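Participant: Just dropping this structure here.
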Amino acid sequence: MEGYFDRLWPICRSITGNGLRESFNILKELIPLELHEVKSGTEVFDWKVPKEWNIRDAYIITPDGKKIADFAKNNLHVVNYSVPVDKRVEFNELKKHLHFKKEMPNAVPYATTYYKEDWGFCIDYNTYKSLPEKGEYKVVIDSSLHDGSLTYGDILLPGKNEKEILFTSYLCHPSMANNELSGPLALAFLYDELKNRKDRTYTYRFVLAPETIGAICYLHSNLKQLVNNVIGGYIFTCCGDNGPITFKKSREENSATNRVTEHILKHRDDVYNIVPFDPIGSDERQYGSPGVNLPVGTLMRTPFSEYPEYHTSLDNKSLIDFEKLTDFVNHCVQFVDAIELNQKYENQIKYGEPFLSKRNLYEDLSTKRSHSETIKMRMRLLNFLDGSRDLLEICNRYGYSILSVKNEINQLVEHGLLKVRA
Amino acid sequence: MEGYFDRLWPICRSITGNGLRESFNILKELIPLELHEVKSGTEVFDWKVPKEWNIRDAYIITPDGKKIADFAKNNLHVVNYSVPVDKRVEFNELKKHLHFKKEMPNAVPYATTYYKEDWGFCIDYNTYKSLPEKGEYKVVIDSSLHDGSLTYGDILLPGKNEKEILFTSYLCHPSMANNELSGPLALAFLYDELKNRKDRTYTYRFVLAPETIGAICYLHSNLKQLVNNVIGGYIFTCCGDNGPITFKKSREENSATNRVTEHILKHRDDVYNIVPFDPIGSDERQYGSPGVNLPVGTLMRTPFSEYPEYHTSLDNKSLIDFEKLTDFVNHCVQFVDAIELNQKYENQIKYGEPFLSKRNLYEDLSTKRSHSETIKMRMRLLNFLDGSRDLLEICNRYGYSILSVKNEINQLVEHGLLKVRA
Amino acid sequence: MEGYFDRLWPICRSITGNGLRESFNILKELIPLELHEVKSGTEVFDWKVPKEWNIRDAYIITPDGKKIADFAKNNLHVVNYSVPVDKRVEFNELKKHLHFKKEMPNAVPYATTYYKEDWGFCIDYNTYKSLPEKGEYKVVIDSSLHDGSLTYGDILLPGKNEKEILFTSYLCHPSMANNELSGPLALAFLYDELKNRKDRTYTYRFVLAPETIGAICYLHSNLKQLVNNVIGGYIFTCCGDNGPITFKKSREENSATNRVTEHILKHRDDVYNIVPFDPIGSDERQYGSPGVNLPVGTLMRTPFSEYPEYHTSLDNKSLIDFEKLTDFVNHCVQFVDAIELNQKYENQIKYGEPFLSKRNLYEDLSTKRSHSETIKMRMRLLNFLDGSRDLLEICNRYGYSILSVKNEINQLVEHGLLKVRA
């Protein structure tokens, strides 16, 4: 995982352009995404796909000849989507185009100007303070904005059922770690975990697109399919640090995603946070927009608003804990297991309890004061799984972990005592 | 307000008669109620309008020649609706017609005998104790009971919508302050506040009638209109003292009245009480009868059952705090504002979030770690106002005061992003 | 009650056979059950009625000539449903057929082998320890298994309404007290209490059958009638000890049985327990099976899993408190009263409150500061009993015991103010 991280890190990505394509091509080694291009100017719901942006170089030469804000050293120095510039300006003019964070004097902030033609540089506050107010500055941004296209990728892992579980993250930030590379890497490694499974009940859809406009493009092209088929899923963001798992619920309070996730987190022996849906944040703003309203939650470790390095040069590899990122993927595997297991099973013996003895599912000679926990679980599952409730409801009634009843469910299905309700 | 109080105070009102009409005529200077007369003997649901009662004088002359229980000094001395009497009686006989409150020896109690022909006097207990047991008493009640009519008044302030908000109080008690004049005065001054409003969304109905039988008459004449159109409202009683606002909920638990009132009270910086509906009290007994069941609550300060001066001569001007009465009216204005604002708005951009930048409703250049509270509120309102929820539900989700989001709602409506659901 | 207990105690009952029939015949003196026989081999849902079992004698002769495990002294010594045996065996062979409870060295455990042909003896652990390991044992079980029938009984007490309240218990254990005789005795004495009632609103069904297979036979023969008509009821088990009443809810959470039982227990001045439905235990496993799902709860004192003498020879008369057993029956009488009273009454005066004065149901002369509790109760019942709610809901709203409002309800019905909703 770390090797992929290191290869992706230096690339200057944006919501369009060649840095984005290059990043997709590296990830395709892990997850064979099918790439799609959406032309600049395409109307997508209330939005329009912007021109494609590419950049080769950018820097400032101070009056005393020093090169600062050098894109070659850190691609955050240039405001993303800056128009080309090559001129000499006074400090008073330049100042209007400089961005810094006074409260974090060593950090280079991250800034974008996707939808307003402008240019600018981001520098640390210490550098800013050292700049002479007199003399001429040379500013160079060797970028281009032209009619091109926006790139996104998706792939399906088919299952027995056309109903889908959606996993998605975004790819569009330049060199940042937790709020960029953690999500695509988790997505790719989760794909790798699930691709060899046989007998997947559901179909798994993986989507990777630039944040916001990319998600909107994706929804625009796939709306009907998604709305009809997606029954659960997750948006990954900021999932590589060492904070506890944070789950932001789907907009629909009673979605299977919300119920299963809460159940699994509760039964794992870890700290976790569950927070309500809020249309502030990442692509839940699109997937949870009122007409789309997919039952997908947002899965993170530390939320973007709660770590100070967010959207600065300090969001770098030192924030990433690769073991925690692996553990994040393992959580997702458990969510998948639980979603697949959580069917509405229907007891095939409805009148009176099933005669378990003739199936060797009961004690032959009754001498014990009470049944074993296994027999109790069996009788409870058989009684309550009447087709009207899903397995999770019964597990929650009795405090069982849904994953711990898997073998019993399979045994009862094999005996013909339970069937998944059609 | 105090001037009107002083003019209304001395009049001997009852559920019918000229004192009632005189009081209406004073109030009409503030609120141009249309008056209606319902003839004695008219059947109104399970009830019958009683004969009209008028009184000119009443008193007792003790054996030692003192005049006590003098109606001219305090109209509570005569039991309301007493039949005419002019005779001499022994103390033993008189005693059966005397009412007092042992536990409040200085108070003259208030008594009525609307539906049983009888007569009586109310005196303070100290006076009662001083009465000689021997000798003859002269008792005079110069009253009349005749076929006449019961008077009530109402008026509409029309709005864009035929749906109505009802405000009502009662007029029928003789000289008492909190449990009589506070309600009609609040009603009249609220009318005065609302009459000049332009663009009222709803129609406002003001009703003033004798308690119980008057409310029943009013319902009998206006049932269909009320049941079809009233979507909220308030009954005013005991609202002039200096206790905290008390709201008794409407019979329907989830009425807009209940929800809005609770919301506003919670967001004001005042002590308040909310109590469940109970068919004991004032005209909520009628407006909340099972077949009527209007979504109107009862608005008070100290409830009748919780102040000892209730229904005695001590319920006088000294209990009234005119500033608190004004504040009561101001609360009602806020309830009105909230009810008008609390629509089911529908986001006109359903798929993906609206592109706020092109409407200058978003930050152009993203450098901040998180959005301003204004932008967050905007995104939350746009996401959740999908036509399925009213504004109050979303405000409660986020702890916003509904009155504090008014400007934002208006702005989003002006931009065409929100529309009130038809 | 004690006399019946003593006569029933020594009989060796099982799920079939003559001991069972003999027990029924004793109980018929109290409750004239109609007896039904279901032939061996009959298929009843997922089960099959087993052969009929009868037994005359059983014992073991030790190598040193002592007679142990003597059926004549305690019928628990033989494993219920043992096949006939008459042979000599080594201790190592015998051991496989001996059952005891190490943790209760004085107790003879209770064991059965209904559905697997086998034989065995139950002895106390102290005896077991004293057995010589060498020498030959003689074992005799003089039993028979033949095609016969299973016996159960039922009887109806008809009411005005064909809807039914079901009371049931089981009869099938040999000499045990709390977990056998307490239930049938409570059932018989409850019948005795209810049989002379006039004007029963509902029909009362009493069922006594062997546990599990008997209940299944009963359901198989009466399913449609039960599912269509039973609106409430109770399964009796372990109800004769001196523990507090324990109510295990019916499977349907909101059943009238659950609501009424909880209400009555709460208003009685006794400790009690209410536990959720769980398909572990007695005949709730059948009456609460998914296709049957009758709204009946399980009524006990100490549940089987919570007293150590359960299913041993120590569950004997010393555990039974006949006063508590009588009190248990009295509880049931209150449940019956409450279920009969708990109708959806409908106020016949829907618009405005009823004019109570003309019916002498109100104070004539209003001088009191507040109404009496009786008048308040009257006004509350009249307001809320609008046909949409049952009486219990209103009693719970105001904290009234449903039994305490009975007279008021009857009075309002007599005045024509309330009617039971058709």
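The values are calculated or read from the model by the stated rules, or taken from the named source; none is laboratory data. Computed from a predicted model, the values in this text were never measured in an experiment. Cβ sites come from the backbone with ideal geometry, for glycine too, and all protein chains shown count toward neighbours.
Participant: Mind checking which residues of segment B:386-422 are crowded, with 20+ Cβ neighbours inside 10 Å, touching a strand residue (DSSP E or B) at 6+ places or on another chain (Cβ under 7 Å) and over 21 Å from residue B:202 (Cα atoms)?
Facilitator: B:412, B:417
Participant: Could we say that residue B:273 is away from chain C (no Cβ under 11 Å), assigned to a strand (DSSP E or B) and of a type outside the set (Ser, Thr, Tyr) here?
Facilitator: On the way: away from chain C (no Cβ under 11 Å): yes; assigned to a strand (DSSP E or B): yes; of a type outside the set (Ser, Thr, Tyr): yes.
So residue B:273 passes the test.
Participant: Please go through segment C:113-125 and pick out each residue that is facing chain A (nearest Cβ under 9 Å) and touching a Phe, Trp or Tyr at 6+ places or on another chain (Cβ under 6 Å).
Facilitator: C:113, C:114
Participant: Would segment C:46-68 turn up any residue that is among the hydrophobic types (A, V, I, L, M, F, W, C), within 14 Å of another protein chain (Cβ to nearest Cβ), buried (at least 16 other Cβ atoms within 10 Å of the Cβ) and touching a His at 6+ places or on another chain (Cβ under 9 Å)? Write out each step before concluding.
Facilitator: Within segment C:46-68, the first condition is being among the hydrophobic types (A, V, I, L, M, F, W, C), and the residues that meet it are C:47, C:49, C:53, C:55, C:58, C:60-61, C:68.
Now drop any that are not within 14 Å of another protein chain (Cβ to nearest Cβ), which leaves C:47, C:49.
From what's left, buried (at least 16 other Cβ atoms within 10 Å of the Cβ): C:47, C:49.
Add one more test, that the residue is touching a His at 6+ places or on another chain (Cβ under 9 Å), and what stays is C:47.
Within segment C:46-68, one or more residues are among the hydrophobic types (A, V, I, L, M, F, W, C), within 14 Å of another protein chain (Cβ to nearest Cβ), buried (at least 16 other Cβ atoms within 10 Å of the Cβ) and touching a His at 6+ places or on another chain (Cβ under 9 Å).
Participant: Here is a follow-up. Does residue A:332 meet the test of being buried (at least 20 other Cβ atoms within 10 Å of the Cβ), more than 9 Å from chain C (Cβ to nearest Cβ), within 30 Å of residue A:185 (Cα to Cα) and in contact with a helix residue (DSSP H, G or I) (Cβ under 6 Å, 6 or more places away or on another chain)?
Facilitator: yes
Participant: Which of the residues spanning segment B:220-237 are buried (at least 22 other Cβ atoms within 10 Å of the Cβ) and either within 12 Å of chain C (Cβ to nearest Cβ) or hydroxyl-bearing (Ser, Thr, Tyr) (or both)?
Facilitator: Result: B:234, B:237.
Participant: Is there a residue being hydrophobic (A, V, I, L, M, F, W, C) and away from chain C (no Cβ under 14 Å) anywhere in segment B:247-259?
Facilitator: Taking every residue of segment B:247-259 in turn, at least one turns out to be hydrophobic (A, V, I, L, M, F, W, C) and away from chain C (no Cβ under 14 Å).
Participant: Just to be sure I understand, how many residues within segment B:102-127 are charged (D, E, K, R) and in contact with a His (Cβ under 9 Å, 6 or more places away or on another chain)? Break it down into steps so the answer makes sense when it comes.
Facilitator: In the first step, residues of segment B:102-127 are kept if they are charged (D, E, K, R); the result is B:102-103, B:116-118, B:124.
Next, from what is left, pick out any that are in contact with a His (Cβ under 9 Å, 6 or more places away or on another chain): B:118.
Here the count works out to 1.
Participant: State the number of residues belonging to segment C:294-305 that are within 11 Å of another protein chain (Cβ to nearest Cβ) and touching a residue at least 60 places away in the same chain (Cβ under 8 Å).
Facilitator: So the first thing to find is which residues in segment C:294-305 are within 11 Å of another protein chain (Cβ to nearest Cβ), and the list is C:303-305.
From the residues that got through so far, the ones that are touching a residue at least 60 places away in the same chain (Cβ under 8 Å) too are C:303-304.
Going through segment C:294-305 one residue at a time, the tally reaches 2.
Participant: Could you grab me the full set of residues in segment B:299-339 that are in a helix (DSSP H, G or I) and aliphatic (A, V, I, L, M)?
Facilitator: Those that are in a helix (DSSP H, G or I) and aliphatic (A, V, I, L, M): B:319, B:325, B:329, B:333, B:336, B:338, B:339.
Participant: For residue A:75, indicate whether it is polar (S, T, N, Q), more than 14 Å from chain B (Cβ to nearest Cβ), out of contact with any strand residue (DSSP E or B) (no Cβ under 6 Å at 6 or more places or on another chain) and farther than 29 Å from residue A:47 by Cβ.
Facilitator: Spelling it out, it is not the case that residue A:75 is polar (S, T, N, Q), more than 14 Å from chain B (Cβ to nearest Cβ), out of contact with any strand residue (DSSP E or B) (no Cβ under 6 Å at 6 or more places or on another chain) and farther than 29 Å from residue A:47 by Cβ.
Participant: While we're looking at this one, here's another question. Give the residue that is farthest from the other protein chains (Cβ to nearest Cβ), with candidates limited to residues of segment A:80-111 that are β-branched (Val, Ile, Thr) and free of Cβ contacts under 8 Å to residues at least 60 places away in the same chain.
Facilitator: A:89
Participant: Kindly provide the set of residues from segment A:112-128 that are among the charged types (D, E, K, R) and free of Cβ contacts under 8 Å to residues at least 24 places away in the same chain, ordered by number. So that I can check it myself, show each step before the final result.
Facilitator: Restricting attention to segment A:112-128, the residues satisfying the condition of being among the charged types (D, E, K, R) are A:116-118, A:124.
Scanning segment A:112-128 gives a single hit, A:116.
Participant: Sort through B:289, B:282 and tell me the only one that's over 14 Å from the mean Cα position of the chain (by Cα) and within 28 Å of residue C:417 (Cβ to Cβ).
Facilitator: Of the residues listed, the single one that is over 14 Å from the mean Cα position of the chain (by Cα) and within 28 Å of residue C:417 (Cβ to Cβ) is B:289.
Participant: Please state which one of A:356, A:325, A:299, A:294 is over 16 Å from the mean Cα position of the chain (by Cα) and buried (at least 19 other Cβ atoms within 10 Å of the Cβ).
Facilitator: A:356
Participant: Please pick out the residue among C:361, C:381, C:325 that is at pLDDT below 95 and of a type in the set (A, V, I, L, M).
Facilitator: So the residue among C:361, C:381, C:325 that is at pLDDT below 95 and of a type in the set (A, V, I, L, M) is C:361.
Participant: Also, I was wondering about something else. Where residues in segment B:128-143 are surrounded by 15 or more Cβ atoms within 10 Å (Cβ to Cβ) and touching a Phe, Trp or Tyr at 6+ places or on another chain (Cβ under 8 Å), which of them is nearest to the other protein chains (Cβ to nearest Cβ)?
Facilitator: B:128
Participant: For segment B:173-252, list the strands (runs of 3 or more DSSP E) that sit wholly inside it and hold at least 2 residues that are aliphatic (A, V, I, L, M), in contact (Cβ under 8 Å) with a residue 40 or more places away in the chain and assigned by TED's automatic domain parsing to the domain that holds residue B:292; which are they?
Facilitator: It comes to B:203-209, B:230-236.
Participant: Can you name the condition, by its number, that residue C:189 falls short on among (1) closer than 27 Å to residue C:344 by Cα; (2) more than 14 Å from chain A (Cβ to nearest Cβ); (3) in contact with a helix residue (DSSP H, G or I) (Cβ under 9 Å, 6 or more places away or on another chain); (4) not hydroxyl-bearing (Ser, Thr, Tyr)?
Facilitator: (1)
Participant: In contact with a strand residue (DSSP E or B) (Cβ under 8 Å, 6 or more places away or on another chain) and over 21 Å from residue C:144 (Cα atoms), is that true of residue C:44?
Facilitator: yes
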